[in-house]
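Asks: Take a look at the following structure, please.
The values are calculated or read from the model by the stated rules, or taken from the named source; none is laboratory data. The model shown is predicted, which means the values in this text are computed figures rather than measured ones. All Cβ positions, even for glycine, are placed from backbone atoms using ideal geometry, and neighbour counts span all protein chains on display.
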Amino acid sequence: MATRKLLLLAGDGIGPEAMAEVKKLIAAMNEKLGAGFETEEGLVGGCAYDAHGQAISDADMGKAMAADATLFGAVGGPKWDAVPYEVRPEAGLLRLRKDMQLFANLRPAICYPALAQSSSLKPEVVEGLDILIIRELTGGVYFGEPKEIIDLGNGQKRGIDTQVYDTFEIERIAGVAFELARTRKNKVCSMEKRNVMKSGVLWNEVVTATHKAHYSDVELSHMLADAGGMQLVRWPKQFDVIVTDNLFGDMLSDVAAMLTGSLGMLPSASLGAPDAMTGKRKALYEPVHGSAPDIAGQGIANPIAMIASFAMCLRYSFNMVAEADRLEAAIAAVLDDGLRTADIMSDGMTKVGTVQMGDAIVEKFLALS
Ligand code: NAI
Ligand code: MG
């Protein structure tokens with residue numbers, strides 16, 4: 001069996017606590033299922049800064065480039081608030097994204113049946129929700145030039161950001177959306193603002209052309225991004241895969257995520273282009289939450305976001321679809337059993353800590369295997 005090379009970057013705060021639960025899963029999969037994972041560890045964020053003055057070292061960056069996939073915990077915390085901008089903890093994450101060219105950010109919004117009651121929307125609106133937002137991550141207004149504040153010399157200043165998209169950037173993100181839709185309900189909705197933005201006109205044109213050329217078996221629709229925001233909270237189940245640019249994706253993925261409950265539940269994946277030789281995509285998997293310094297070290301963090309990120313890793317980097325399905329089913333089953341960490345606790349449920357939640361998920365996963 002080919003080895004599967006994983007780099008684990010646990011980071012700061014609750015990062016290591018959540019990662020410890022994934023390590024248990026990896027060990028169990030190796031031991032009981034012969035999964036053949038080979039793991040390496042590295043430092044990222046504040047802990048890396050403390051060790052060698054950088055948010056990620058060249059050596060650890062090299063490990064990420066060589067691995068089949070990288071699992072990332074969380075970085076940052078008040079301890080590092082005053083460190084110089086270039087070496088602040090977040091710089092580690094930004095370098096990983098940049099050097100690996102991770103242009104596709106996948107943010108699922110899944111509503112576990114046991115948690116439908118705790119959404120801010122009506123249970124019938126969110127129950128059984130399973131959608132995937134794909135956000136372009138390396139282009140658009142966050143990176144376009146010119147990007148500056150200029151002094152107009154009359155007591156006024158002008159702040160400038162530039163939205164820029166080239167054909168190839170839209171083609172490749174659309175390709176990811178169509179390919180993933182084929183493994184799901186085969187439906188893509190593309191969102192932009194072609195009514196007021198030239199980049200939106202091009203986005204619409206290129207998505208339509210990519211669809212026609214290679215993916216006409218997939219159902220494609222287009223929506224203006226502001227209308228898309230309304231539809232997401234009105235009736236989210238109408239969507240399967242949503243593909244959109246960096247800025248709209250930043251907002252729409254946060255909105256969609258919150259339909260389903262706590263930050264402690266939300267996974268994400270960031271994918272790069274397929275390697276010309278091997279066809280493998282570079283990939284980074286991480287929970288949406290940060291390092292949660294307010295609860296770090298107390299053993300009460302919810303490990304589900306990290307574990308669900310590992311499920312995405314099984315699905316997208318290792319094509320272990322059955323295992324990913326089983327791991328997600330194990331999470332749902334443990335919630336059905338009434339186990340809750342503090343962040344998702346409600347009346348009549350059983351409150352557990354990070355380790356008990358992790359143990360219960362590993363046990364269910366193995367029982368389903
Ligand atoms: P945060 O996501 O760390 O925490 C926000 C709130 O949610 C806190 O009350 C926290 O206790 C709770 N929470 C988050 N994850 C949880 C989990 N798994 N289980 C239970 N409760 C959970 O965001 P915040 O407080 O804005 O930032 C804290 C630090 O994390 C900052 O230094 C920030 O820069 C960094 N950060 C790092 C990110 C990353 O590594 N990708 C992303 C966001 C923030
Ligand atoms: Mg955001």
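Asks: Considering each residue of the range 244-256, count those that are within 13 Å of ILE173 (Cβ to Cβ), buried (at least 23 other Cβ atoms within 10 Å of the Cβ) and within 14 Å of the chain's Cα centre (by Cα), and give that number. Walk me through it before giving the result.
Replies: The initial filter retains those residues of the range 244-256 that are within 13 Å of ILE173 (Cβ to Cβ), namely 244-246, 248-249.
Keeping just the survivors that are buried (at least 23 other Cβ atoms within 10 Å of the Cβ) gives 244-245, 248-249.
From what is left, the residues that are within 14 Å of the chain's Cα centre (by Cα) are 249.
Of the residues in that region, 1 qualify.
Asks: Same structure again: Out of the range 321-344, which residues are surrounded by 14 or more Cβ atoms within 10 Å (Cβ to Cβ), among the aliphatic types (A, V, I, L, M) and without any contact (Cβ under 8 Å) to a residue 40 or more places away in the chain?
Replies: Those that are surrounded by 14 or more Cβ atoms within 10 Å (Cβ to Cβ), among the aliphatic types (A, V, I, L, M) and without any contact (Cβ under 8 Å) to a residue 40 or more places away in the chain: ALA324, ALA329, ALA330, ALA333, VAL334, LEU339.
Asks: Something else now. Take PRO78 and tell me if it is surrounded by fewer than 17 Cβ atoms within 10 Å (Cβ to Cβ) and either over 25 Å from ALA18 (Cβ atoms) or of a type in the set (S, T, N, Q) (or both).
Replies: Values: surrounded by fewer than 17 Cβ atoms within 10 Å (Cβ to Cβ): yes; either over 25 Å from ALA18 (Cβ atoms) or of a type in the set (S, T, N, Q) (or both): no.
So PRO78 fails the test.
Asks: Quick one: count up the residues across the range 167-177 that are under 18 Å from GLU219 (Cβ atoms) and either in contact with a helix residue (DSSP H, G or I) (Cβ under 7 Å, 6 or more places away or on another chain) or free of Cβ contacts under 8 Å to residues at least 12 places away in the same chain (or both).
Replies: The qualifying residues number 2.
Asks: Continuing with the same structure: Only one of ARG97, ARG135 is within 16 Å of ligand 1 (Cβ to nearest atom) and at pLDDT 95 or above; which? Let's see the steps before the verdict.
Replies: Details: ARG97 fails: at pLDDT 95 or above.
The conditions single out ARG135.
Asks: Pairs please, first residue from the range 123-138 and closer than 13 Å to LEU259 by Cβ and touching a residue at least 12 places away in the same chain (Cβ under 8 Å), second anywhere and charged (D, E, K, R) and surrounded by fewer than 19 Cβ atoms within 10 Å (Cβ to Cβ), Cβ atoms under 6 Å, 6+ apart in sequence or on different chains.
Replies: LEU129/LYS237
Asks: Quick one: is ARG172 loosely packed, with under 14 Cβ neighbours inside 10 Å and either of a type outside the set (A, V, I, L, M) or over 26 Å from ILE131 (Cβ atoms) (or both)?
Replies: Details: loosely packed, with under 14 Cβ neighbours inside 10 Å: no; either of a type outside the set (A, V, I, L, M) or over 26 Å from ILE131 (Cβ atoms) (or both): yes.
So ARG172 does not fit the description; no.
Asks: Do we find a residue being away from ligand 1 (no atom under 15 Å from the Cβ) and under 23 Å from ARG315 (Cβ atoms) anywhere in the range 68-78? Reasoning before the result, please.
Replies: Taking the range 68-78 first, the residues away from ligand 1 (no atom under 15 Å from the Cβ) are 68-69.
Add one more test, that the residue is under 23 Å from ARG315 (Cβ atoms), and what stays is 68-69.
Yes, the range 68-78 contains a residue that is away from ligand 1 (no atom under 15 Å from the Cβ) and under 23 Å from ARG315 (Cβ atoms).
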